[in-house]
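Let me begin by presenting the structure, written as structure tokens, before commenting on it.
The values are calculated or read from the model by the stated rules, or taken from the named source; none is laboratory data. Remember, it's a predicted structure, so these values are computed and weren't measured experimentally. Note: ideal-geometry Cβ built from the backbone for every residue, glycine included; neighbour counts use all protein chains shown.
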Amino acid sequence: MTPRQTAELIGLAALWGASFLFMRVAADDFGPAALAWLRVAIASAVLLPLLWWRGGAAAARSHWRTIALVGLLGSALPFVAYGYAALAIPAGLLAIFNATVPMWGALIAWAWLGERLGGLRALGLGLGFAGVLALAWDQAAPGAGSSDLAMAAAVLACLLATALYGYTANYTRQRLAGVAPLAVAAGSQFAAALWLAPLALPAWPTTPPPLEAWAAVLALGVLSTGLAYLLFFRLIAQAGAAQAMSVTYLIPLFGVFWGWALLGEPVTVAMAAAGAVILLGTALVVRQPGRSGKLR
């Protein structure tokens with residue numbers, strides 16, 4: 001990667017890592033459904049004009065049924081789940097759980113598409129999910145208090161969201177291969193806004209959210225969704241998909257950093273150790289040996 005592409009990769013990781021910070025700040029005031037709807041509605045306002053300007057609207061229209069399903073499974077439902085989890089889980093932990101997306105993708109590809117895992121990838125899955133279990137147990141150990149139950153439900157919501165991301169990645173690869181990524185992104189965000197509108201409007205907060213919460217939502221939609229998608233597509237086009245996906249390893253680092261620096265969230269030894277195990281498992285799962293046998 002060129003120095004500029006490396007800088008863009010780091011910027012993308014910073015934006016996506018910050019999304020968990022923004023959700024954590026705004027979740028209490030807006031609630032999961034309204035927060036998710038605002039996120040996709042704002043992202044649509046950013047992406048749709050660009051799609052129209054680049055002449056990709058026809059591609060989105062011709063695949064609208066598939067893109068609408070991608071919007072439901074890949075944005076609407078996961079964003080609501082993350083919004084619910086953000087009510088109880090610190091931003092840094094949300095980012096660490098998000099690192100399991102490639103593992104879910106590999107597991108679903110094996111179960112659904114019959115893709116071979118191989119020894120190292122299977123080991124990566126085992127390590128990664130062991131790290132998830134350790135982290136979940138540390139944060140949501142069974143107990144008598146309702147806070148323990150709330151934390152356990154939030155952890156399950158995170159894992160549901162990441163599993164949906166993994167499924168959507170395989171579904172998109174099967175059904176939307178060759179369709180411009182910007183058409184899929186813009187169309188899916190618009191579809192997600194339509195899916196979420198019936199849930200968000202009745203759940204709209206009765207007390208006007210403070211300016212801080214509105215600022216977090218605006219940043220979530222414009223920066224961590226709209227702009228982040230544009231950077232991601234640019235990296236795919238210029239550096240390749242494998243290089244662009246390496247952002248997976250950086251997102252948890254930024255998520256933990258933003259939570260610590262701006263929200264004062266503690267970083268425990270157990271959290272760091274489990275996060276390292278999850279990232280190691282992810283690295284083994286997404287490992288793609290090239291012709292020379294080296295990683296590419």
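Residue count for the stretch 204-241 under the criterion of being in a loop (DSSP other than H, G, I, E, B) and loosely packed, with under 15 Cβ neighbours inside 10 Å: the result is 7. Pro3 passes every criterion in (1) closer than 24 Å to Ala191 by Cα; (2) surrounded by fewer than 20 Cβ atoms within 10 Å (Cβ to Cβ) apart from (1).
Determine, yes or no, whether Thr162 is farther than 17 Å from Ala36 by Cβ, buried (at least 19 other Cβ atoms within 10 Å of the Cβ), of a type outside the set (A, V, I, L, M, F, W, C) and under 17 Å from the mean Cα position of the chain (by Cα). Judged against the criteria, Thr162 is not a match. If you check Ala140 against the conditions, is it over 21 Å from Leu280 (Cα atoms), touching a helix residue (DSSP H, G or I) at 6+ places or on another chain (Cβ under 6 Å), surrounded by fewer than 21 Cβ atoms within 10 Å (Cβ to Cβ) and modelled with pLDDT under 85? Spelling it out, Ala140 is indeed over 21 Å from Leu280 (Cα atoms), touching a helix residue (DSSP H, G or I) at 6+ places or on another chain (Cβ under 6 Å), surrounded by fewer than 21 Cβ atoms within 10 Å (Cβ to Cβ) and modelled with pLDDT under 85. Here Gln288 clears all of (1) surrounded by fewer than 12 Cβ atoms within 10 Å (Cβ to Cβ); (2) at pLDDT 85 or above except the condition numbered (2). Scanning the stretch 73-83 for residues that are more than 13 Å from the chain's Cα centre (by Cα) and either modelled with pLDDT of 90 or more or assigned to a helix (DSSP H, G or I) (or both) turns up nothing.
Considering the stretch 19-72, the residues that are within 14 Å of Phe190 (Cβ to Cβ) and of a type in the set (Lys, Arg) include one that is nearest to the chain's Cα centre (by Cα), namely Arg39. Counting only residues that are farther than 16 Å from Tyr167 by Cα and in a helix (DSSP H, G or I), how many does the stretch 107-123 have? Of the residues in the stretch 107-123, 6 are farther than 16 Å from Tyr167 by Cα and in a helix (DSSP H, G or I).
Could you check the stretch 89-133 and list, in sequence order, the residues that are small (Gly, Ala, Ser) and over 19 Å from Leu156 (Cα atoms)?
Within the stretch 89-133, Ala106, Ala109, Ala111, Gly114, Gly118, Gly119, Ala122, Gly124 qualify.
Suppose the filter is crowded, with 18+ Cβ neighbours inside 10 Å, touching an Asp or Glu at 6+ places or on another chain (Cβ under 8 Å) and of a type in the set (A, V, I, L, M, F, W, C); does Val46 pass it?
No, not satisfied.
If the requirement is being without any contact (Cβ under 8 Å) to a residue 40 or more places away in the chain, assigned to a helix (DSSP H, G or I) and under 26 Å from Leu176 (Cβ atoms), which of these qualifies: Trp37, Trp52, Trp16? Exactly one residue qualifies, and that residue is Trp52. Could we say that Leu93 is under 26 Å from Leu262 (Cα atoms), among the aliphatic types (A, V, I, L, M) and assigned to a loop (DSSP other than H, G, I, E, B) here? The answer is no for Leu93.
Applying the criterion of being among the β-branched types (Val, Ile, Thr) and more than 13 Å from the chain's Cα centre (by Cα) to the residues of the stretch 84-118, the residue that is surrounded by the most Cβ atoms within 10 Å (Cβ to Cβ) is Ile89.
Candidates Pro198, Pro209, Pro202: the one that is over 21 Å from the mean Cα position of the chain (by Cα), over 29 Å from Glu115 (Cβ atoms) and touching a residue at least 24 places away in the same chain (Cβ under 8 Å) is Pro209.
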